[in-house]
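The next block holds one structure in the form of structure tokens; read it before the comments.
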Amino acid sequence: VTRSWPIEECAAWREWTTPKGLHEKPVHRWYIFPHSYTNELVHALIDEWNLGEGDKILDPFAGAGTTVLGAKERGIGAVGCDLSPLAVLAARTKIAGLALGSLENLWRELQPLVDAQATARKIGGGYPALVRKALPVPLLSVFDAIKRVLAEAIPDGPERDFFLLGLLATIPTFSRAQATGGWLSWVDNRRPARLIPETYAAVIARMLEDVPQKQPSVSKAQWVVRTADARKLPDPDGTYTGVITSPPYPNRHDYTRVFGVELMFGFLDWEETRELRHQSFQSHPEARPERNGTAGYRRPEGLAQTVREVDSKSNDRRVARMLDGYFLDMFLCLSEVNRVCRPGARAAFVVGNAQYSGIPLLVDEYTADAGEQAGLECERIVAVRHRGNSAQQMGRHGRSPSRESIVVFRKP
Ligand SMILES: C[S@@+](CC[C@H](N)C(=O)[O-])C[C@H]1O[C@@H](n2cnc3c(N)ncnc32)[C@H](O)[C@@H]1O
């Protein structure tokens with residue numbers, strides 16, 4: 001029998017579990033991932049857990065870096081991990097402690113070089129078909145030429161990352177592939193290539209507005225973002241006193257597809273992108289990560305039943321396999337969280353329940369169960385939103401609303 005946990009309602013946090021609020025937040029707005037929360041949630045948890053100087057926070061699924069930057073805003077050390085090089089670049093740039101004067105000087109030198117690329121017609125790299133379809137030749141030539149200007153004019157490091165992030169943030173304005181919600185859709189975008197330099201300049205101007213004249217004198221070593229797998233963390237035991245994170249939801253959205261154009265324009269070739277897709281958390285049917293065993297994980301009883309029902313109703317066999325793999329991944333990650341946390345540490349996992357063929361999938365409760373199997377205590381499940389209340393959402397999510405919750409654990 002599956003243990004059940006009391007579900008607390010907390011509508012006050014509702015607006016903080018979508019990324020909408022981040023669009024107006026300095027630095028956060030430089031790059032935003034779908035399905036993120038806002039820095040207010042990070043601050044609220046920091047206050048609730050009474051964290052302060054001397055504490056250290058982990059986000060094993062850092063995405064665009066809301067937790068690490070939110071912790072930095074409160075002067076608390078934080079480490080973020082992510083498998084995606086796009087996420088690592090975005091999060092790392094946000095916490096880099098850049099100096100305004102130096103960036104402005106660089107931009108004064110760069111801008112004429114960037115403007116001169118408005119009519120570039122040669123493409124340097126061999127870009128995969130997806131990138132060429134999203135950015136037909138005139139567009140891709142200009143983006144590619146600006147990318148090469150940045151690589152030639154700025155040494156590898158946070159300042160080059162800043163200007164590259166701005167370029168990546170400019171792509172959707174011109175791309176024919178648009179991320180709508182969690183999917184990529186194709187649109188007839190006719191914005192001409194000659195507008196790329198001025199659009200990019202506007203993005204950079206807005207980013208520069210957020211860089212403080214003077215950074216406070218703190219040790220930069222307190223904030224780190226690195227490439228790592230949430231199921232196999234590189235940290236020694238007992239490193240952290242808090243974890244604030246949101247794993248990908250088991251809703252079939254695949255970040256390597258949603259950000260496919262940016263990944264293959266800036267970082268990876270087609271093969272490497274496919275490899276990232278396979279190795280990612282098993283939240284979409286194409287993931288098939290290699291794992292070293294199951295480390296004693298038992299499927300929560302309710303889950304076994306749900307997976308059987310979904311399998312009998314769905315015509316895609318991969319969905320049942322994905323759902324099973326999702327909670328094994330959750331268990332492996334929670335085991336690592338338990339290992340790298342100090343006794344008494346708190347961990348908040350923001351998760352979303354889902355529905356398959358009308359069958360509800362209680363992600364929050366199975367996450368609580370997986371965490372307890374991993375050695376953590378589930379303190380509470382806080383329900384922040386109910387998706388599926390409107391007629392339109394009902395069509396999308398099925399008859400009953402799906403909770404979005406924060407599962408809070410404590411390391412005994
Ligand atoms: C819901 S997003 C996190 C959003 C984040 N809260 C933010 O502020 O943008 C989930 C992230 O998990 C990452 N991810 C997927 N599988 C992973 C794994 N095995 N280890 C670490 N990160 C992973 C994805 O690349 C994605 O950036």
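Observations
- Taking the range 195-221 as the range and being buried (at least 17 other Cβ atoms within 10 Å of the Cβ) and closer than 28 Å to residue 71 by Cα as the test, the residues that pass are 203, 204, 207, 211.
- Screening the range 217-233 for residues that are farther than 13 Å from residue 95 by Cβ and more than 16 Å from the chain's Cα centre (by Cα) and picking the one that is farthest from the ligand (Cβ to nearest atom) gives 217.
- Residue-level check: of (1) touching a residue at least 60 places away in the same chain (Cβ under 8 Å); (2) under 30 Å from residue 56 (Cβ atoms), residue 293 misses just (1).
- Within the set 22, 69, 83, 103, the sole residue that is within 11 Å of the ligand (Cβ to nearest atom), out of contact with any Lys or Arg (no Cβ under 9 Å at 6 or more places or on another chain), of a type in the set (A, V, I, L, M) and at pLDDT 95 or above turns out to be 83.
- Members of the range 226-258 that are among the charged types (D, E, K, R), under 22 Å from residue 407 (Cα atoms) and crowded, with 17+ Cβ neighbours inside 10 Å: 229, 231, 252
Residue-wise test of (1) in a strand (DSSP E or B); (2) in contact (Cβ under 8 Å) with a residue 12 or more places away in the chain.
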position: 32; (1), (2): no, yes
position: 37; (1), (2): no, yes
position: 40; (1), (2): no, yes
position: 47; (1), (2): no, no
position: 52; (1), (2): no, yes
position: 58; (1), (2): yes, yes
position: 64; (1), (2): no, yes
position: 69; (1), (2): no, yes
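- The C-beta contact set for the range 221-233 (first residue on the phi > 0 side of the Ramachandran plot and of a type in the set (Ser, Thr, Tyr), second residue more than 9 Å from the ligand (Cβ to nearest atom) and at pLDDT 95 or above, distance under 8 angstrom, 6+ apart or interchain) is empty.
- For residue 169: the one exception among (1) over 22 Å from the mean Cα position of the chain (by Cα); (2) in a helix (DSSP H, G or I); (3) over 16 Å from residue 102 (Cβ atoms): (1)
- Hits in the range 1-20 - residues which are within 17 Å of the chain's Cα centre (by Cα) and either buried (at least 17 other Cβ atoms within 10 Å of the Cβ) or within 15 Å of residue 403 (Cα to Cα) (or both): 16, 17, 18, 19
- Condition check for residue 102: within 20 Å of residue 206 (Cβ to Cβ), in contact (Cβ under 8 Å) with a residue 40 or more places away in the chain and of a type in the set (Ser, Thr, Tyr): yes
The values are calculated or read from the model by the stated rules, or taken from the named source; none is laboratory data. Given the structure is predicted, the values throughout are model-derived calculations rather than measurements. When we count neighbours, we look across all protein chains shown, and the Cβ atoms used for this are built from the backbone with ideal geometry, even at glycine.
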